[in-house]
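**Q** Right, I'll just put the structure down here and ask away after.
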């Protein structure tokens, strides 16, 4: 285990560094990984004050300064590009509000090196109380919704061996540099949310798997209810994912369910006060610029394809499970969506 690992810390913005970075840096310094490691941080909406703060908190890191807040995708990519220029073998991404157990990076590397068909590895993520699950890997619903497996359940060491997941949480990801060179980095159109879903899906099209490393443990203070408020990005981006990752016949089969879900989301948005955000989502997809982007992104993804949808959909869920949305309409429609997906999945041979 002497591979060089670049540690990409998700972008700092305003006071994030002051709140979270000291604990993360301390845990990185305590890692028992024997190979070379170097920390890269992008400072979004950088000021002299924030830059000096990061220099003080992470004195041996490479800090990339962005004048604007460019979001998670571009900010993280900026650090990844620098690490790739420096020829690091592995690229590890950790959210700024995580704390790693000493064996975390070593265990992630061990799992990644278990097969050259593993494209990305995720650590097992717990809440700061160390007994509640944050993520055992992430699932994708056939309509593009992404959610964490096991979120807020009690951790009873249910998983002891590496297992395949649909995609890795953006809070802890480990990639091989050469695979990123092959398939590309985060899609910067996403700006924030679901970009960690689309990149592993793209890798899967190219024949690579996502795997959970259960002995690589970290504690993540980021909770779902903080992100669900970002309705526009989450809803827009999950639609982008299905449009650019599925084959056309698959999109046609799921279209009736998509329409039903859109009606349900209108009701949900009205109830939650997010109808303006939902209208913004539709407005985005009516723009010629969006059509041009979707055409190019779809061509990029489909040109990588070496695996059929038939094989990919086996790992895609027919159930939506957002624990913070305890809505009777979602509970009522889940069995029907699940049945619909089981039927559709049985028809897919392409």
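Values in this text are rule-based calculations from the coordinates and carry no lab data. Small disclaimer: the values here were computed from a predicted structure and weren't measured. Positions of Cβ are backbone-derived with ideal geometry, glycine not excepted, and every protein chain shown enters the neighbour counts.
**Q** In the Gaussian network model of the chain, springs joining C-alpha atoms below 10 Å, which of 114, 184, 75 carries the largest mean-square fluctuation?
**A** 114
**Q** If neighbour count is taken as other Cβ atoms inside 10 Å, put 183, 121, 211 in order from fewest to most. Don't skip to the answer; put the middle values down first.
**A** On the way: 183 20, 121 29, 211 24.
Sorted ascending by nearby Cβ count, the order is 183, 211, 121.
**Q** Still on this structure, please answer the following. Who wins for biggest fluctuation among 124, 180, 218 in a Gaussian network model of the chain, springs between alpha carbons below 10 Å?
**A** Checking each option, the largest mean-square fluctuation is seen for 180.
**Q** Ranking 147, 142 by Cβ neighbours within 10 Å, fewest first, what do you get? All intermediate terms of the calculation are to be shown ahead of the outcome.
**A** Working: 147 18, 142 24.
Arranged by neighbour count, lowest to highest, 147, 142 become 147, 142.
**Q** Mind pulling the angle between the C-alpha long axis of helix 275-285 and the longest principal axis of the chain? Nearest 10 degrees, somewhere in 0 to 90.
**A** 90 degrees
**Q** Relative to the longest principal axis of the chain, what angle (0 to 90°, nearest 10) does the C-alpha long axis of helix 231-245 take?
**A** The angle comes out at about 80 degrees.
**Q** Fewest to most neighbouring Cβ within 10 Å: what's the order for 281, 344, 306, 109?
**A** Taking fewest neighbouring Cβ atoms as first place, the list is 306, 344, 281, 109.
**Q** What list of whole percents do you get for P(r) of the chain, with Cα-Cα distances grouped in 20 Å bins up to the one holding the largest distance?
**A** So the P(r) values, bin by bin, are 30, 60, 10.
**Q** Next question. Could you state the angle between the C-alpha long axis of helix 328-347 and the longest principal axis of the C-alpha atoms of the chain, as a value from 0 to 90 degrees rounded to the nearest 10?
**A** 80 degrees
**Q** If you average the sequence gap of Cα pairs under 8 Å that are 6 or more apart and divide by the length of the chain, what percent do you get for the contact order? Walk me through the numbers before you get to the answer.
**A** Working: 653 pairs, mean separation 60.4, N = 350.
Relative contact order here is 17 percent.
**Q** Take the eigenvalues of the Cα gyration tensor for region 135-253, scale each by 5, and report the square roots as semi-axes in whole Å, largest first.
**A** Details: eigenvalues 106, 68, 41 Å².
Equivalent ellipsoid of region 135-253: 23, 18, 14 Å, largest first.
**Q** If you average the sequence gap of Cα pairs under 8 Å that are 6 or more apart and divide by the length of region 231-347, what percent do you get for the contact order?
**A** On the way: 57 pairs, mean separation 38.5, N = 117.
Relative CO of region 231-347 lands at 33 percent.
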